[in-house]
1. Can you give the charge dipole size of segment 271-351 about its Cα centre, rounded to the nearest 20 debye, using +1 on the beta carbon of Lys and Arg and -1 on the beta carbon of Asp and Glu?
2. In a shell of Cβ-Cβ distance under 14 Å around Asp764, excluding Asp764 itself, what net charge do Lys and Arg (+1) and Asp and Glu (-1) give?
3. With respect to the cross-link table entries Lys531/Lys864; Lys110/Lys147; Lys476/Lys617; Lys110/Lys236; Lys476/Lys691, which display a Cα-Cα separation exceeding 20 Å?
4. What Rg and what Dmax come out for the chain when only alpha-carbon atoms are used, in angstroms?
5. Give me the one-decimal nm value for the distance between modelled label points at Thr1046 and Arg1064, 7 Å along each residue's Cα-to-Cβ direction.
6. Take the Cα atoms of segment 560-628, find their three principal axes, and give me the spread along each one in whole Å, biggest first.
7. With r as the distance between the Cβ atoms of Asp648 and Ala1077 and R0 = 56 Å, compute the FRET efficiency 1/(1 + (r/R0)^6) and round to 0.05.
8. How high is the relative contact order of segment 1016-1080, in percent, with contacts defined as C-alpha pairs under 8 Å that are six or more residues apart?
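Please treat every number below as a calculation from the coordinates, not as lab data. The structure displayed is predicted, hence computed values, not measured ones. No Cβ is skipped: glycine too gets one built from the backbone with ideal geometry, and neighbour counts run over all protein chains shown.
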Amino acid sequence: MAMKSWRRVGVAGAAIAALAVGVLAPPAAHADPVPDDPNVVLHYDFSTPGAVTDVSGHGNNGTILGTGATVANGVLTLPGGASNSGAGYVRLPAGIFDGKDTLTISTWLKNENVAGNYAAMFFGSGTGTYPAQYWLLNPRNPSGRFKTVVTNGNVPTAPWGTEYGISPTTASQGINGPTTTTDWAMFTTVITPTSISGFYNGAFVGTVPTSRTVTQFGTGLVGYIGRSTYADIFYKGGVDDVLVSTSAYTPAQVAELYHLSDRTTADQTQAALAADADAVDLPAETISDLVLPASGANQSRITWESSAPGVIGADGTVTRPAEGQDDAVVTLTATFTLGGASITRPYEVTVAAVDPQRDLERTADTFDLGIEVVTDDIVLTDAVDDIAVSWASSHPGVVAADGSVTRPAADTEVELTATFSRSGITAARSYAVTVRAQNAGQAVAYVRTGDTAKTEVLHLAAAATGDSLVALNNNKGVLYPQYGTGTSRFANPTLFRSPDGSYGLVASDNASNGRIFVYRSTDLVTFTDQKWVQTNTEGITVSRADVTYDNGIRAYRVVLRTPAGAAYEVTTADFATFTAPVSITAPSVSAPSGLPTGAIEASALPVTAAELAFLQKSLGRIVNTTVDAGDDVEVEAGGELALPEKVDLGYSDGSSKQLGVDWDTSTVDLETPGEYTVTGTVNQPVYGDSKGILVPERADPWVFRDDERTGEAEYYLTGSYPTTQTNAGVGYDRIVLRRADSINGLSTAQEQVLMWSRNAASPDTSNGSKIATGAYRYFWAPELHKIDGDWYIFFTSSRSTDVWNIRPAIMRAPGDSDPMVASNWEELGYIKAAPGDTAAFANFSLDMTHFEANGKDYLVWAEKPGTSDLRMAEIDPANPAQLTSTSILLSTPNYAWERDGGNVINEGPAVIKSDDEVFVFFSASAVNETYAIGMLRAPLSGNLMDPATWSKTGYPLLTSDDFGGQQNGPGHNSFTLDENGNPVIVYHARPPIAEWIPGADGGLNDPSRHARVKTVHFAADGSAVLNQTREEELAPANREVSLTVTVVGDPEPELDVTAVLGTRCVAGKVVQTLSVANGEDVSVSVTATGPYGTKSFASIAAGKTSSTTTFTTRLGAIPAGTIALTATATVGGSPVTAETDVAYPAATCG
């Protein structure tokens, strides 16, 4: 570099000194004069080639040790290397940090190391197995974050456990730093006797309280650039402008350091100034004094000038024009100064003249009722300052004029009208509120027993009024705090209502400090916007917080309860800042009764019928409620019976699916017309043996269904071939594949070895299989895919004899070949990152999968820079071994259920799609009973390469708890379609008891991770459900179905013959008359038989009507009745007989 950082004004100390008195020095010549800051201890600008010279004038030069370090062009470059490599680093003067309890340490770094455990700067203990006391700066810790920490205790055997600060080893002892890159960046730390603060590129990251001082670290402290006294790798990359001062720099001073650096471009400084200018928000009109900010969020200093100081002063004081005068328009000009640069920005404000009516209208316009959705009494104020307010309600029976609320049967909108009055002048305004329906049940929030970060999370239960509580989500957590925030545990979670109709959740930080977790929710199901906020500065420990909203103060009232039983009230409008706590008498709260198993620290929120129904539908068990076999069936006699192949199943949440059905048709005689009832048994598949095992000892099972090769469904299964400690060196050394025409057929299908690892102990290649040329064991998690017409297997293997040097590899077979023939496969090598992508495959990488969406192909895999994360990139399907895009970070473990001790894992991705969404399921936690399956989801219409498109469900979808102790550690799954076309999940899980000698095998060496299968259900909201039981999928009452089958014979013969009946009276008696019309084209003979005799018509000609005949009844009155006509004719050479009844009415004579 030709110019050095901070030289715009000479040096850092000069800049700080100038800032302290409010005057910035002009740019100085680049001769690096001695800093004016008397508290600077050392300043290395690396302007002397080959040496680390202190330009502060104190002579605290550094010493280059090891090999490979250079100082050239104003940069110290360190080579990095293993802990025993002898790589170059810089030693600082001995004891330079002794007794310095207040320090600012700042440096620019261009880090070329991957995420991990190492130090770019360090001071602390120089003896012992580990450094007992220290400060350590790591620009990219195992989570990829900026880390600056001090030891806040004295535990020489495990000092990392005492770290406090930014991104400490124990996350609850600090706050997360920002993720960092390989670009030049400025890292600044401020240490005081009571705190440590971090800054990244001049921006404040946070402050963490501490109780241990540097003096307590002892004497003889060592200091380094490029290493620590841990046996970690050395720092690799560039170092510039190292500054150490015994002053505690303010955020404004740190921002000046950053923006005065020549590594910060003028455009960056101008952008920061412009952002501060854009953030100034002055009212367009005012009648009261203004608050004119003196600094911006980027720490620019702001000064003000007014075009009319008599109206608005430079301090914001407002003097209004008198009544009758014009409004005054004033231009306020702000000057923003940062890093020696300045910009000005004008802001126009109108100061309204005194006008009583307009002032009243203005007050009415700005009045805020403070609430939109109402469940309890509200405050309807009677005055605003000296203005009286009266109220009227459109539904006084729901919201009265005094604010009292009577909940209606259904949600009701009410218009409240306020009349503002002063000195005979009035103004009216209306405000709409929605009053929620009456409560119909309760939602209960609780944590569970167990005293872990996996049990002390939000659980929910619900019930209608008078009913027993039912645990939701199978009595599993529905919300976990971001791991590393505080203690990562909830205590006493409570739900509350917000004034806009949404909801909130608060929980104490495990009753261990004054902080609370705060979330918002629109539906009581999904909780977002986590806050971890300090409620007080008085040292009050919060055990429980209860929240109610008070529209009278436009803020929440929060009752803080202590573990000792005391209570305090604070108020907050935003859960960011709180009023000072006021001691109160603790209000009584009634604890919910009938809690689910293991529930503790419970609280209840009354809910409406609609809210309760939504909760139960969203988080309750989805159960089969109906079965529909379809319409009854009619079949011609002698025909073939076709019955429905599937039945429709309906579920409690409104979702549906189909299952096959086996019909018993033994009762149907297709030759005999009539009605028959047939019964069917719904064909609910059962997979695997009596223990639910499809294939034993096949971890990471992958099942692929292919319908193209033969035109019929074929199922393929591959998985990790296990190793055990009883057979050392064997296992994880081959790619295996089996095939069957059904899923269950895979249990006994013959398995073929397709490829052996390069260092397999006893490879048998007699079937044509090959020995890999570049892939060593461990072979893990093979997956069979068909991409662009060809067969591919993705798998994980080591690149050397170091079994942990693993990366994703790929092999191929032609699409028109039989994938079961080993000789058809060829090794393609390892997947390659796109040019310029330094993140993909830079670390331990494994578990690659493929999916296609909207015409694009993607690969997803696990990568372990520190934690095991999921990454994703695009490929060209014609060459799936080469990424075509820069990879994105898809997921990183950030919840307690994704970790177990030191295992911090997202791995084993598998993809399933619905019509609207794509789901990436993954496995988390450790390879033991805590293994669990989580889910990411994204709309298919979104940009899948934008991480913001994806959302992670905050709790696991399948865990050991879902199997009632019968299976442990479900995970690393695949998806396929069963014979009915329904999705199934194929996964591995351990049995409930060890099948191997205790201690002999475990984790990756446990062969008892067996392949299993269960159905997947898609809920009405589109979510994939993995933990539905067989009884929930198909209710026992719906296992049998029936239909009516009607066998239809030849139709009854018909002749077109009609009769006309009449009556007449003869001598007071009824006589019936009858004539018959023949509509046929052949002659017809007809016989008519009734109660009063029989008449015959021997032959009625075609198309003719018979003569009239009579029936003598000899009765004066006859009742209604019928006469039966029997007509015969010869039609088409065959005799035809047809019968019909002719009705007649009652008749009377006389």
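1. 340
2. Net local charge, Asp764 excluded: 0.
3. Going by Cα-Cα distance, Lys531/Lys864; Lys476/Lys691 fall outside the 20 Å limit.
4. 41.8, 152
5. Roughly 4.5 nm, to one decimal.
6. Sorted from largest, the Cα extents of segment 560-628 read 63, 29, 18 Å.
7. Computed FRET efficiency for Ala1077 and Asp648 comes out at 0.60.
8. Contact order relative to length: 21 percent.
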